[in-house]
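As structure tokens, the structure follows; a few thoughts come after it.
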Amino acid sequence: MATEIKAPTFPESVAEGSVAAWHKKPGDSVERDELIVEIETDKVVLEVVAPEAGTLTEVLVEEGDTVESEQVLGRLGEGQASGDAQGESKSEGGESAAGAGDDAGGDSAAAQPAAGGAQHEVKAPTFPESIQEGTVASWNKQVGEAVKRDEVLAEIETDKVVLEVVAPADGALIEIKAEEGSQVESEAVLALFGEGAGGDAASGAGEDKAPASADDGESDEKVGDKILAPAARKLVAEHDLDVNRIEGTGKGGRVLKEDVQKAVKDGSAKKPAKSSGGGAKQAAAAAPAVEGERVEKRVPMTRLRKTIAKRLVEAQQTAAMLTTYNEVDMGAVMDLRAQYKETFLKAHDTKLGFMGFFVKAASEALKRFPDVNASIDGTDIVYHGYQDIGVAVSTDRGLVVPVLRDTDSMKIADVEKGIVDFGKRARDGKLGIDEMQGGTFTITNGGIFGSLLSTPILNPPQTAILGMHKIQERPMAVNGKVEVRPMMYLALSYDHRMIDGKDAVQFLVTIKELLEDPARLLLDI
């Protein structure tokens, strides 16, 4: 009897997901709890495992297809041989690689043999409803380069996450249809992939297909005595280079993208200046007295950057945002940290930083000023009886805000460990969707980049955000004398619709007092 393989139950805020990768194909034997397929949502990848041991007999949704919560993805049977299942699908193609190329848009991605095996369409994942399109960030493999099953072929960048497109089987890319930097829609065909292809076999397949797809301009192309990969051809055109001056390092002397980038950097492939007629006179007259290159580069805004920009503008347009400032003497915290940092590291296996003190101080202040811990929902005010503090983490793709839960009950060591873990997983793109939702307050630290003073912008629907800054030694009046003290400016941006100025100022003063005398955190005073 067949067993249904279903998509997981998605969180309430996630309407649908997309099939990112099948790790098994029809006919493969699987063990109980073995990973079969991955479902990509807008912020997290969900793994679907085998409910029992058996053989994958049917795949109902292809990679890149959109699926809903608990939708049936495929079926498991009992004891069907791998060879039988695969043999049936392969026999349907029955012709040659050239015939498969004519039917590249057919019903089944694994039905056409090419370069010694079946041919697949490599598709972009199905994007969430809120995402219209993505950008091909990079191709990690080139045409003809041998790859293993589940090895990353390309990366698609959306506004929240970078999606990996993996190889459906052992083989090689036959043709790339979407170059780096191009915009692709959900389930768009990115490339053609041949099972068992690799090296000369895949290269030959790509070259054979070139005449048939010349109108597309996406396959390898021979220019003079050089064969150019699609990405290389695009760069050559952009920089107006002499292809005959570029040395190809790919298979059979093929010019790859990396070869063109090197030539651009070295300046070794520039076309010679034309010396005919009035063109030379015009060039001489227009040539400015500037030494060296004056390079300009236009790069499309990433999806994540677009979303960040949109949310920041919305926050300023919808909230009555105001910022109050104060400064805190960090001497007591720094002395405490210096005294116990080695002992703390040995006891908790993590470093003692400043953020742990700020999170604990903010948690205590939020209990005393519940308006700062509240949020606005339409015409209602929602008071939260807990403190969930988001900590802004900077990554190469932009800013994300994972949330520490119930910080009032956390120890400083727990806070420090949580922040280190968030930072690592944020940079690796491994944060879960539930880890970035539901915060009641946010702390952002521009001081790690050297910021002395800034105005943080609210993170809706929260009504306040605390900005930390660089610790700077300054002369301060202490008990009638001038002393040099390690000072930090603090900034609290708040929604004036919800929080009165008096409460905002007193909240910030409370944090200042707790940090200047950390014993208050232990004594709850």
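Observations on the structure shown:
- Criterion (charged (D, E, K, R) and assigned to a loop (DSSP other than H, G, I, E, B)) met by exactly one of Lys430, Lys417, Lys502: Lys430
- Only residues that are in contact with a strand residue (DSSP E or B) (Cβ under 7 Å, 6 or more places away or on another chain) and either aliphatic (A, V, I, L, M) or part of a loop (DSSP other than H, G, I, E, B) (or both) were counted in segment 400-409, giving 5.
- Residue within segment 448-462 that is assigned to a helix (DSSP H, G or I) and over 21 Å from the mean Cα position of the chain (by Cα) present: yes
- Restricted to helices (runs of 4 or more DSSP H) entirely inside segment 239-334, those with at least 1 residues that are modelled with pLDDT of 80 or more are 257-266, 303-318.
One line per residue, one yes/no per condition, for (1) in contact (Cβ under 8 Å) with a residue 40 or more places away in the chain; (2) surrounded by 20 or more Cβ atoms within 10 Å (Cβ to Cβ); (3) not assigned by TED's automatic domain parsing to the domain that holds Ala315:
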| residue | (1), (2), (3) |
| --- | --- |
| Gly356 | yes, yes, no |
| Arg368 | yes, no, no |
| Gly378 | no, no, no |
| Arg397 | yes, yes, no |
| Pro402 | no, yes, no |
| Glu416 | yes, yes, no |
| Lys424 | no, no, no |
| Gly432 | yes, no, no |
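- Filtering segment 221-228 for residues that are crowded, with 23+ Cβ neighbours inside 10 Å, at pLDDT 60 or above and closer than 21 Å to Glu155 by Cα leaves an empty set.
- Screening Asp500, Asp495 for residues that are over 37 Å from the mean Cα position of the chain (by Cα) and of a type in the set (Asp, Glu) leaves exactly one candidate, Asp500.
- Restricted to segment 51-91, and to residues there that are acidic (Asp, Glu) and modelled with pLDDT under 85, the residue that is farthest from His120 (Cα to Cα) is Glu78.
- Test: residue in segment 92-115 that is surrounded by fewer than 22 Cβ atoms within 10 Å (Cβ to Cβ), modelled with pLDDT of 50 or more, touching a strand residue (DSSP E or B) at 6+ places or on another chain (Cβ under 6 Å) and farther than 30 Å from Ile308 by Cβ: no
- Looking across segment 298-318 at every residue that is over 17 Å from Thr135 (Cα atoms) and of a type in the set (A, V, I, L, M), the one that is surrounded by the fewest Cβ atoms within 10 Å (Cβ to Cβ) is identified as Val313.
- Test: residue in segment 435-444 that is assigned to a loop (DSSP other than H, G, I, E, B), more than 26 Å from the chain's Cα centre (by Cα) and not acidic (Asp, Glu): no
- Complete set of residues in segment 166-180 that are within 22 Å of Gly134 (Cα to Cα), of a type in the set (Asp, Glu) and part of a loop (DSSP other than H, G, I, E, B): Glu179, Glu180
- Scanning segment 170-212 for residues that are at pLDDT 90 or above and more than 31 Å from the chain's Cα centre (by Cα) yields a count of 0.
The values are calculated or read from the model by the stated rules, or taken from the named source; none is laboratory data. Keep in mind it's a predicted model, so treat the numbers as computed, not measured. Neighbour counts run over all protein chains shown; Cβ positions are idealised from the backbone, glycine included.
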